[in-house]
Every structure is written in structure tokens, then in C-alpha cells.
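Contents: one structure, followed by commentary.
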């Protein structure tokens with residue numbers, strides 16, 4: 001397993017986090033993606049891709065009140 005630990009500001013949005021991950025991983029954003037947090041999908045809609053019920057530029061990480069070592073999925 002390969003993993004990285006990032007320190008990200010709590011006022012970062014879901015969209016900010018996606019762009020941060022793209023830079024850190026050296027990716028160029030060519031693939032569809034989503035975050036799954038507490039069973040809800042979040043992402044940036046792309047033409048021909050999946051629709052998401054929440055605006056990723058408005059959902060801040062602080063809104064989740066994550067606990068220490070709590071996890072979510074980015075795929």
C-alpha cells in the first residue's frame with residue numbers, strides 16, 4: 001500500500017482538496033473522481049460524468065467536524 005499524509009486547512013473546500021491532491025500526486029485531472037464521506041458522494045461534475053448533489057466549492061472540510069484518524073475515500 002502506498003499512502004501520503006497531507007496537512008490541509010480546515011477551511012479548504014472539497015474542490016480545493018481535489019486540486020491539492022492532483023498537485024501532490026503529480027496528476028493532471030484527466031479522470032473522473034469523487035470523495036465518499038459518511039456515505040455521501042462529493043465531487044466536481046464533468047461533462048458526461050456523474051452528477052453530485054452538493055456544490056464542491058461550498059462544502060468545507062470543517063463542516064464535517066472530523067475526529068482524529070477519521071477516514072474517507074477519494075477515488
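Label-to-label distance for residue 41 and residue 24 is 2.4 nm, based on points extended 7 Å past Cα in the beta-carbon direction.
Taking 0.36 nm per residue of sequence separation and removing the Cα-Cα distance, the residue 65/residue 16 pair yields an extension gain of 15.9 nm. Overall, the anisotropy analysis places the chain in the oblate class: the square-rooted eigenvalues a ≥ b ≥ c of its C-alpha gyration tensor yield a/c not less than 1.5, with a/b not exceeding b/c.
Cα-based values for the stretch 31-74, radius of gyration first and Dmax second, are 11.3, 36 Å. Among 64, 35, 52, sorting on how many other beta-carbon atoms sit within 10 Å of each Cβ, with the fewest leading, yields 64, 52, 35.
Readers should treat all values here as calculations from the given coordinates under stated rules, not as data from a laboratory. Here the structure is a predicted model, which means the values were calculated and not measured. Please note: Cβ atoms are built from the backbone with ideal geometry, for glycine as well, and neighbour counts cover all protein chains shown.
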